[in-house]
Amino acid sequence: MAFYYEEPSRTFNEYLLVPGHTPSACIPSSVSLKTPLVKYRKGEEECPLTLSIPMVSAIMAAVSDDKMAVALATEGGLSFIYGNQTIEQEAAMVARVKAYKAGFVESVANLSPESTLADVLELKERHGFSTMPVTSDGASRGKLLGIVTSRDYRVTRMDGTERVVDFMTPREKLVVAPFETTSLKEANDIIWDHKLNSLPLVDANDNLVCLVFRKDYDSHKSNPDELLDDHKRYMVGAGINSRDFAQRVPALVEAGADVLCIDSSEGFSDWQRLTIEWVREHYGNEVKIGAGNVVDEEGFRFLAEAGADFVKIGIGGGSICITRETKGIGRGQATATIEVAKARDKYFKETGIYVPICSDGGIVYDHHISLALAMGADFVMLGRYFARFDESPSNKVMVNGTYMKEYWGEGSARARNWGRYDLGGKKSLSFEEGVDSYVPYAGKLKDNIAVTLLKIKSTMCNCGALTIPEFQQKAKLTVISSTSIVEGGAHDVLLKDKTPYVTNVQ
């Protein structure tokens, strides 16, 4: 006879935090969201790798590429580059993140000498940039011949057929700097000394490498939480599987990945243990690797004892995941997080080793992140949340008059990432565990994540906490009824944005 759990399997939506006393010193600007990313031993001064904010992006082709990794690291979080691509492609994405220098922008709007004013206006409309380098072949890294800015032409006095070579600012009149030996500080000093709006950086052959803009100076000063390694490079993670790890891991390590994570729908398996053992055999503890996903104490302890640096929680709770529907496997994300958090603390008391846990899935609203942290998660992994932004790799499309972003599960027919659902067989699965969908387009990551983080900090202050560990210690959670859920939203009123026609009555 099967084992039955006495308590129901609950979701985040079934809980609320009960506010505690808020001291006068407890204000959002004083809250620290710093949290451990990988395991550490009791008594060590600090965790080897930490996050500035408790958010990482999911190991999904619709979410995490190098562009997302740079944007999220700028805000203090971490992206795990998706592994459902060739080893060479994934390693190249990791390498691009590590090679990216904050403030050094590779141009995506470039012209050739034979381009016309019409081309300039079209590029400006498409990308929104007014500064466009002119290179010999129109490529982003071609030989620099000049630059076109909005000061070089007047639309009202030109017909659009004029060639760029006839009105650009030529190379001999430009102030440039050598890329290899110019730091960001030096580049900004040159910009200010020469009263420039932008500074091209070139290689030894006078080929354009990148640009530094005056407007970016203040923005970099406003990112104190940037997640950087010891060499001041952005940190980035990468997903691996339990099949080709012997070839993929070395390539990712060489590319500079700061941490790896086994991407699997179910982590309580020998294949994950064998993968971790291989990494430990070849790299010791130098390479950090997370594992998962699990939903109970047994699964957590299995992976912790196998040597995982962090453990992911959640099966079937993602918005595009249908594992529970197709296989009847999974657990409510809140219940899973609470039990695994207790298992982590128990393991820490027994061994002196703290293994961080990541809640992956089941988060629909911003306040669900606060609930996950209160229940014991050290950080959360998000897919749908990040898929909505400009920085995600999916297409922005118009659906019924509304801008949307494409979003698909790794178990969908579109992804065909059957390695994620590996059960040791030689054949691909014959059914799907994910769907292909759309999510509402939300704009830039920076603007949205700032609001989310402020909500989390405000919630922590309502509970009298200035750090995540203090929040977990002081938080009081209550299960709510279905009626309470209705009461928690707007009710018994007619919302203005839902009212089609209103007449003023004097």
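The values are calculated or read from the model by the stated rules, or taken from the named source; none is laboratory data. Model, not experiment: these values are computed from the prediction. Ideal geometry is used to build each Cβ from the backbone, glycine not excepted, and the neighbour counts take in all protein chains shown. Surface areas here come from the heavy atoms of the whole protein model, side chains and all, with no ligands, DNA or RNA. Shrake-Rupley method; radii C 1.70, N 1.55, O 1.52, S 1.80 Å.
Can you tell me the equivalent ellipsoid semi-axes for region 172-325? Use √(5λ) from the Cα gyration tensor, largest first, whole Å. The partial results should precede the final answer.
Working: eigenvalues 398, 67, 38 Å².
Whole-Å semi-axes of the equivalent ellipsoid: 45, 18, 14.
Please list 440-451, 133-144, 315-326, 380-391 highest first by mean number of surrounding beta-carbon atoms within 10 Å per residue.
Peptide ranking by packing, descending: 380-391, 315-326, 133-144, 440-451.
Restricting the count to DSSP beta bridges whose residues both fall in the chain, what percent are antiparallel, rounded to a multiple of 5?
Details: 33 of 60 bridges.
So the antiparallel bridges amount to about 55 percent of the total.
Find the all-direction average of the projected area of the Cα convex hull for region 154-244, expressing the result in square nanometres with one decimal place.
11.7
What's the carbon and sulfur percent of the chain's accessible surface, probe 1.4 angstrom, rounded to a whole number?
C and S fraction of accessible area: 51 percent.
Could you rank the peptides 480-488, 161-169, 368-376 by their average count of other C-beta atoms within 10 Å per residue, with the highest value first?
Numbers: 480-488: 10.7, 161-169: 15.3, 368-376: 24.8.
Those peptides, ordered most packed to least, come out 368-376, 161-169, 480-488.
About the Cα centre of the chain, what is the dipole size in debye to 20, counting +1 per Lys and Arg Cβ and -1 per Asp and Glu Cβ, all else neutral?
So the dipole magnitude of the chain works out to roughly 700 debye.
Could you give the nm distance between label points at LEU184 and TYR365, where each point is 7 Å from its Cα heading toward the beta carbon?
3.7
Taking a threshold of 22 Å on the Cα-Cα distance, which of the pairs LYS42/LYS232; LYS42/LYS288; LYS342/LYS476; LYS39/LYS349 fall above it?
Checking Cα-Cα distances, LYS42/LYS232 exceed 22 Å.
Quick one: Cα convex hull volume of region 136-185, Å³ per residue?
It is 115 Å³ per residue.
Roughly how tilted is helix 297-306, in degrees to the nearest 10 and between 0 and 90, from the longest Cα axis of the chain?
Taking Cα atoms only, the helix is inclined about 60 degrees.
Which residues in region 83-126 have a backbone N closer than 18 Å to a point placed 7 Å from the Cα of ARG171 along the Cα-to-Cβ line?
Under 18 Å, as judged by backbone N against the label point of ARG171, lie 107, 110-115 of region 83-126.
Measure off 7 Å from each Cα along the Cα-to-Cβ vector at PHE129 and ILE485, then give the distance between these two points in nanometres to one decimal.
Once both label points are built, they end up 4.7 nm from each other.
For region 289-412, state the average projected area of the convex hull of the C-alpha atoms over all orientations, rounded to one decimal in nm².
8.9
Give, in nm to one decimal, the length gained when the segment between THR149 and ALA2 is fully stretched (0.36 nm per residue of separation minus the Cα-Cα distance).
45.8 nm
How big, on average over all directions, is the shadow cast by the Cα convex hull of the chain, in nm²?
Taking the Cα atoms of the chain, their convex hull projects to 32.4 nm² on average.
Please work out how much length the chain gains when fully extended from SER136 to ASP270, using 0.36 nm per residue of separation minus the C-alpha to C-alpha distance, in nm with one decimal.
My answer for the length gained is 42.7 nm.
To the nearest Å, what is the center-to-center distance of region 266-296 and region 200-252, using C-alpha atoms only?
26
Kindly state, to the nearest 0.05, the FRET efficiency for LYS496 paired with SER30, given R0 = 30 Å and r defined as their beta-carbon distance.
After rounding, the FRET efficiency stands at 0.25.
Select from PRO8, VAL63, ALA341 the residue farthest towards the positive end of the dipole of the chain; place +1 on Cβ of Lys and Arg, -1 on Cβ of Asp and Glu, and compute about the Cα centre.
PRO8
Can you check how the C-alpha radius of gyration of region 199-250 compares to 2.2 N^0.38 Å, as a plain ratio?
Its radius of gyration relative to the 2.2 N^0.38 Å reference: 1.79.
For region 76-231, what is the charge dipole size about the Cα centre, in debye to the nearest 20, if Lys and Arg each add +1 at the Cβ and Asp and Glu each add -1 at the Cβ? All intermediate terms of the calculation are to be shown ahead of the outcome.
Details: 18 positive and 25 negative charges, 94 e Å.
Dipole about the Cα centre, nearest 20: 460 debye.
Would you list which lysines come within 23 Å of LYS143, measuring only between C-alpha atoms, while excluding same-chain residues fewer than 8 positions from it?
Partners within reach: LYS101, LYS124, LYS173.
Have a look at MET93, ALA109, GLY146 and report the one farthest towards the positive end of the charge dipole of region 84-147, computed about the Cα centre with Cβ charges (Lys/Arg +1, Asp/Glu -1).
Final value for the positive-end residue is MET93.
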